[in-house]
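Peer 1: Please read through the structure below; I'll follow up with questions.
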Amino acid sequence: MTTKRDIVLQVEDLQTTFFTRAGEFKAVGGISFYVREGETFGLVGESACGKTVTGLSLLRLLPEPAGRIVGGKITLDGIDILKLSKKQMREVRGKRISMILQDPMTSLNPVYTVGDQIGESVRLHQGLRDDMVEDEVISALRLLRIPAPEQRLRDYPFQLSGGMRQRVVGSIAMSCRPRLLIADEPTTALDATIQAQYIALFKDIQKQTDVAIIFITHDFGVVANICDRVAVMYAGKIVETASTSTIFKRSKHPYTSALIRSVPRLDRKDDQLYSIEGQPPSLLNLPPGCRFAPRCPDVMDICLKEQPPVVEISEGHSVSCWKEKK
Amino acid sequence: MLSTMPNIDTKLKLKISGLTRSARIMRAMTFYIPVIILVLLVLTAIFAPWLAPHDPIKVSLLERRLPPAFVEGGSMKYLLGTDSLGRDILSRAIYGARISLSVSLLVIAATAFVGTALGIAAGYLGGRTEAFLMRFTDISMAFPGLVLAMLLSVSIGPGFFTVVLALSILGWAPYARLIRGETLRLRNSDFVAQARINGASAWRIMLIHIFPNVINPLIIVMTMAVGFMILAEAALSYLGIGIPPPDPSWGSMVADGRGDIDRAWWISTFPGILIALVVLSGNFFGDWLRDKMDPRLRQL
Amino acid sequence: MADILLEGRELTKYYPVTKGLLQRVIGYVRAVDGISFTIEHGKTLSLVGESGAGKTTAAKAVLLLERLTSGTILFEGKDVYKFSKSQLKTQYRPRVQSVQQNPWSSMNPRMRVRDIIAEPLVVNTKKTKEEIRSRVLELLDQVGLSPDQADYYPHEFSGGQRQRIAVARALALNPSLVVLDEPVSALDVSIRAQIMNLLKDLQEQYNLSYLVIAHNLATVRFMSHSVAIMYLGQIVEYGEAEALFLKPLHPYTRALISASILTLPEDEDQNVQKIILSGEMPSPLNPPPGCRFHTRCSEAIDICSKVPPEVRTIGTQQVKCHLYDDPGVQSASSK
């Protein structure tokens, strides 16, 4: 691993709230993280922990007017993107930040050729002439190691195999050589052996382009296989951030450890799985103290009253837990 | 932009809650106004004998084509004026609500019942039953309704019952189509598979598991049909194969005024306005119901 | 051998593919192609494979939701297809129940939890209302829900709670076999452990047999006593769970395990090289000749593309692979 590359994205105290008739739904409650060039950063958590909303916030694609970023700062290559106009933000999307969705198989439009779909993004952002667009499209297909790109160009999605379609989706996302790629559960719908292929593909793209990747997932197995660093989210907060191996071997937050212990392992035989009782709190009605306190095995008095501070245990490993505050 | 599509589902769910104040008031209005209009009309129909100031079929040749009270030459005796036979338009409109609404409701009840039963049977049983029922439905939809109505009117004579029959005989087909589609979706659902695993009979599955789950779309379509049926009845009456004179229905009232439209516009206009009101109210109310019942929109 | 509850022999399901107005049959999708397995009393058999492997079709056949093209299902030694309608209703269906993958769609949204759990009792028994009522409360307690939750509708529960309700419904008739179709894959990670533990506890308590359909190998290892790995409608490897996971024989099993095992970035530099299969599973409409896996197999030899492999028994495992044709020759890379 290379050391100390440039920081591509810096998020500070991001807060995103949905204003609904039932009340304020605090989907993201003040989170901070950064992603470096050529690095894959995992955002892990269970459903409704705010990981997907974080992804949408970065692109400013929240369903308005209900969902709003109510606080914090998002800096992309030194530019505060929350201060950009809507038009400037459209420039950023696709060109500097792009996104791959949950089901790569259904995100292609069946009535356009592969070339048209990749070309759309290129044309939109780079204002190229038609003949140059084609060159760009072919190079995007090459990037994803699609054989015979000149021919594939004129194929419709249904003419491609599943694996090829995944690659085409990747080509669209990478067509403008973005600085940051957000992948929201891109492997969840896939079978294990296909998942392995797809992850290898991500690693390959990254090696070629140095793109920073934010990988949103609930699956610790995927995290271990692809991420360099990980942030674990619970009920809208990041509870722990560390390098992947630290998370697996020396995690400090009770939620992280419990989650890792509750996943059955293929490399050993368990008789009983560790299980976290109860359910995550409602984001409409959050407890005053630590959000994990009601389910935490190591809960203390102060946990129920005050939100825990973020404590940096060692370089790059920070935990939000009262236990670590000496 | 293909690569940056937002999460559609979240978007839909939150669409409603993010409405501004004025939009929310508009939404409430599209519910309350149609409901008030429909309720008033039903009450009018029920209490027609007490509400109508005159006998709706009493002819008074001396008072022909009197204009409404608010027009020059009109009198307070006939608030909405009189028709070419001197009958009170207000009273006729009030009694007409009875006929028009009861035709509409009867037809909807009959067609919805038949269409739902056939739709569920076709959708759940599949195979030949489905093939037969659906071809039958296609034929019904392709059959010219007007010709059938005329045939009926000629063979059994015009009347209230003939109108209901003419509209019902073909009217069930859209219900059957809709309900079959819903049933096909439900038939493949996990809970129906579960019921089969439990050993539930086809009859039980159709009645207990499928029927309650098609009620929502059914009610929406039924509501929308109220206006449509009133229009259909009006069309038949206008053509003279609907409710025979002298009984008033809104459609026949519009037809009566047709020859006088240049000198006594009020004869056709008032029943026409009523028809438009009911059709609009039915459609608005149906739209509102559909929004209300869409589970994706109901959440927040 | 008295311990066998259910046995599937040479189960085969072909779906005809038709074309044109006259519904001419142009081929068959070989969803399940001659698979055999046994489920013992109180034990769990898992059918594992990727989508399209045929595992769900096999489970549907056991639940009699799909009629097989050929093959027999023996339940306590009796041929299920020879049962009369009433025998099925009394001797088979009530004893073979299921829990489905998606707890959001497996319940009628218009029914209360009380009625959902009572449904199998209402359909299959002549119990009085009072008996059913007390049985429902008993079941709720067994799956860790409280009696006052009986009057709620399914949408008022979380995914984990719904899956508990589905388990309660499956247990209502005291079945012998429960088919679990991806029972935890739709649930959140922290909830999965709760449900898997519950299922295991119930198995012990009531001596239940499970037929688990799953694609997640770690889940399978935790739940199962024996495992069948399926590929393109066939079982390629079958055996006792522990032996199979410790020493997988078939190249496909090895690839699956390699893809699912957790490797940290620093491990990668060491010798734990991931096996990444190329390509995808071919269409079951046109399965490749010879061994069905040979198009993606890194260890394929000449014979693989020509002759379908026979089943070989090695230790407690059965494997369908030419690498084991000569019992003396073991694959070099097996580890």
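Peer 1: Any chance segment A:181-201 includes a residue that's more than 10 Å from chain C (Cβ to nearest Cβ), within 15 Å of the chain's Cα centre (by Cα) and farther than 18 Å from A:Gln102 by Cβ?
Peer 2: No, that holds for no residue.
Peer 1: With the condition kept exactly as written, say whether any residue in segment C:196-211 is in contact (Cβ under 8 Å) with a residue 24 or more places away in the chain, within 8 Å of another protein chain (Cβ to nearest Cβ) and not hydrophobic (A, V, I, L, M, F, W, C).
Peer 2: For segment C:196-211, residues in contact (Cβ under 8 Å) with a residue 24 or more places away in the chain, within 8 Å of another protein chain (Cβ to nearest Cβ) and not hydrophobic (A, V, I, L, M, F, W, C): absent.
Peer 1: Among the candidates B:Gly123, B:Gly171, which residue alone is farther than 26 Å from C:Leu65 by Cα and in contact (Cβ under 8 Å) with a residue 24 or more places away in the chain?
Peer 2: Matching residue, one of B:Gly123, B:Gly171: B:Gly171.
Peer 1: A further question on this structure: Please determine whether any residue of segment C:174-181 is part of a helix (DSSP H, G or I), farther than 19 Å from C:Val113 by Cα and away from chain A (no Cβ under 12 Å).
Peer 2: Within segment C:174-181, none of the residues are part of a helix (DSSP H, G or I), farther than 19 Å from C:Val113 by Cα and away from chain A (no Cβ under 12 Å).
Peer 1: Shifting gears a bit: Within segment B:159-227, which helices (runs of 4 or more DSSP H) (wholly inside it) include 2 or more residues that are within 22 Å of B:Arg135 (Cα to Cα)?
Peer 2: B:160-171, B:173-187
Peer 1: I need a count of the residues in segment C:75-90 that are more than 13 Å from chain B (Cβ to nearest Cβ), crowded, with 17+ Cβ neighbours inside 10 Å and not in a helix (DSSP H, G or I).
Peer 2: 1
Peer 1: Of the residues in segment C:243-263, how many are at the interface with chain A (Cβ under 7 Å from one of its Cβ atoms), crowded, with 20+ Cβ neighbours inside 10 Å and of a type in the set (S, T, N, Q)?
Peer 2: 1
Peer 1: If we scan segment C:113-133, do we find a residue that is closer than 20 Å to C:Leu208 by Cβ, crowded, with 17+ Cβ neighbours inside 10 Å and more than 10 Å from chain B (Cβ to nearest Cβ)?
Peer 2: Yes, some residue in segment C:113-133 is closer than 20 Å to C:Leu208 by Cβ, crowded, with 17+ Cβ neighbours inside 10 Å and more than 10 Å from chain B (Cβ to nearest Cβ).
Peer 1: Hey, could you check segment C:42-74 for residues that are within 14 Å of chain A (Cβ to nearest Cβ) and among the charged types (D, E, K, R) and say which is surrounded by the most Cβ atoms within 10 Å (Cβ to Cβ)?
Peer 2: So the residue we want is C:Lys55.
Peer 1: Take B:Thr137 and decide whether it is under 30 Å from B:Ala93 (Cα atoms) and among the polar types (S, T, N, Q).
Peer 2: Considered against the rule, which asks whether it is under 30 Å from B:Ala93 (Cα atoms) and among the polar types (S, T, N, Q), B:Thr137 comes out as no.
Peer 1: Report, by residue number, each residue of segment A:34-44 that is under 13 Å from A:Ala231 (Cα atoms) and surrounded by 19 or more Cβ atoms within 10 Å (Cβ to Cβ).
Peer 2: A:Val35, A:Thr40, A:Phe41, A:Gly42, A:Leu43, A:Val44
Peer 1: Same structure again: Could you say whether any residue in segment C:223-234 is within 13 Å of chain A (Cβ to nearest Cβ), on the phi < 0 side of the Ramachandran plot and touching an Asp or Glu at 6+ places or on another chain (Cβ under 6 Å)?
Peer 2: Looking through segment C:223-234, at least one residue is within 13 Å of chain A (Cβ to nearest Cβ), on the phi < 0 side of the Ramachandran plot and touching an Asp or Glu at 6+ places or on another chain (Cβ under 6 Å).
Peer 1: Restricting to segment A:261-312, what's the tally of residues that are of a type in the set (Asp, Glu) and in a helix (DSSP H, G or I)?
Peer 2: The number of residues fulfilling the criteria is 1.
Peer 1: Mind listing just one residue for me: the one in segment C:282-309 that is under 16 Å from C:Ile35 (Cα atoms) and modelled with pLDDT under 90 and, of those, surrounded by the most Cβ atoms within 10 Å (Cβ to Cβ)?
Peer 2: C:Pro284
Peer 1: So which of B:Asp262, B:Asp256, B:Asp291 ends up being part of a helix (DSSP H, G or I) and over 21 Å from the mean Cα position of the chain (by Cα)?
Peer 2: Going through B:Asp262, B:Asp256, B:Asp291 in turn, the sole match is B:Asp256.
Peer 1: Now for a different question. From the residues in segment A:59-73 that are crowded, with 22+ Cβ neighbours inside 10 Å and of a type in the set (A, V, I, L, M), which one is modelled with the highest pLDDT?
Peer 2: A:Leu62
Peer 1: Tally time: how many residues in segment A:253-291 are among the basic types (Lys, Arg), more than 7 Å from chain C (Cβ to nearest Cβ) and more than 24 Å from A:Pro308 (Cα to Cα)?
Peer 2: Counting residues in segment A:253-291 that are among the basic types (Lys, Arg), more than 7 Å from chain C (Cβ to nearest Cβ) and more than 24 Å from A:Pro308 (Cα to Cα) gives 1.
Peer 1: Taking the conditions exactly as written (within 12 Å of chain A (Cβ to nearest Cβ), out of contact with any Lys or Arg (no Cβ under 7 Å at 6 or more places or on another chain) and small (Gly, Ala, Ser)), does C:Ser190 satisfy them or not?
Peer 2: Criteria met by C:Ser190.
Peer 1: Further, regarding this structure: Do the conditions hold for A:Ile313, that is, is it within 14 Å of chain C (Cβ to nearest Cβ) and hydrophobic (A, V, I, L, M, F, W, C)?
Peer 2: no
Peer 1: Considering only residues that are more than 26 Å from the chain's Cα centre (by Cα) and under 20 Å from C:Asp188 (Cα atoms), which ones fall in segment A:279-295?
Peer 2: A:Pro294
Peer 1: Scan segment C:134-156 for residues that are crowded, with 19+ Cβ neighbours inside 10 Å and among the small types (Gly, Ala, Ser) and report the count.
Peer 2: Of the residues in segment C:134-156, 1 are crowded, with 19+ Cβ neighbours inside 10 Å and among the small types (Gly, Ala, Ser).
Peer 1: On to the next question. Answer yes if at least one residue in segment B:77-96 is modelled with pLDDT of 75 or more, of a type in the set (Gly, Ala, Ser) and out of contact with any helix residue (DSSP H, G or I) (no Cβ under 8 Å at 6 or more places or on another chain), and no otherwise.
Peer 2: yes
Peer 1: Ok, one more. Given the criterion touching a strand residue (DSSP E or B) at 6+ places or on another chain (Cβ under 8 Å), surrounded by fewer than 23 Cβ atoms within 10 Å (Cβ to Cβ) and either within 23 Å of C:Leu277 (Cβ to Cβ) or in the same structural domain as A:Lys51 (by TED's automatic domain parsing) (or both), identify the matching residue among A:Phe215, A:Phe202.
Peer 2: Being touching a strand residue (DSSP E or B) at 6+ places or on another chain (Cβ under 8 Å), surrounded by fewer than 23 Cβ atoms within 10 Å (Cβ to Cβ) and either within 23 Å of C:Leu277 (Cβ to Cβ) or in the same structural domain as A:Lys51 (by TED's automatic domain parsing) (or both) holds for just one of A:Phe215, A:Phe202, which is A:Phe202.
Peer 1: Have a look at C:Ser105, C:Ser134, C:Ser146 and point out the one that is under 26 Å from C:Ala58 (Cα atoms) and among the polar types (S, T, N, Q).
Peer 2: Being under 26 Å from C:Ala58 (Cα atoms) and among the polar types (S, T, N, Q) holds for just one of C:Ser105, C:Ser134, C:Ser146, which is C:Ser105.
Peer 1: Go through the residues of segment A:40-52 one by one and say whether even a single one is more than 14 Å from chain B (Cβ to nearest Cβ), under 30 Å from A:Ser257 (Cβ atoms), touching a Cys at 6+ places or on another chain (Cβ under 8 Å) and not hydrophobic (A, V, I, L, M, F, W, C).
Peer 2: yes
Peer 1: To continue, here is another question. What is the residue count in segment C:66-104 for residues that are more than 24 Å from C:Ile116 (Cα to Cα) and touching a strand residue (DSSP E or B) at 6+ places or on another chain (Cβ under 7 Å)?
Peer 2: 12
Peer 1: If you go through segment A:114-137 one residue at a time, do you hit one that is in contact (Cβ under 8 Å) with a residue 12 or more places away in the chain, assigned to a strand (DSSP E or B) and of a type in the set (Val, Ile, Thr)?
Peer 2: No; the residues of segment A:114-137 include none that is in contact (Cβ under 8 Å) with a residue 12 or more places away in the chain, assigned to a strand (DSSP E or B) and of a type in the set (Val, Ile, Thr).
Table: residues versus (1) modelled with pLDDT under 90; (2) charged (D, E, K, R).
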residue: C:Asp33; (1), (2): no, yes
residue: C:Gly54; (1), (2): yes, no
residue: C:Thr69; (1), (2): no, no
residue: C:Thr72; (1), (2): no, no
residue: C:Lys78; (1), (2): no, yes
residue: C:Tyr92; (1), (2): no, no
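The values are calculated or read from the model by the stated rules, or taken from the named source; none is laboratory data. Only a predicted model underlies this, so the values are computations on that prediction, with no experimental measurement involved. Don't worry about glycine lacking a Cβ; one is built from the backbone with ideal geometry, like all the others, and counts go over all protein chains shown.
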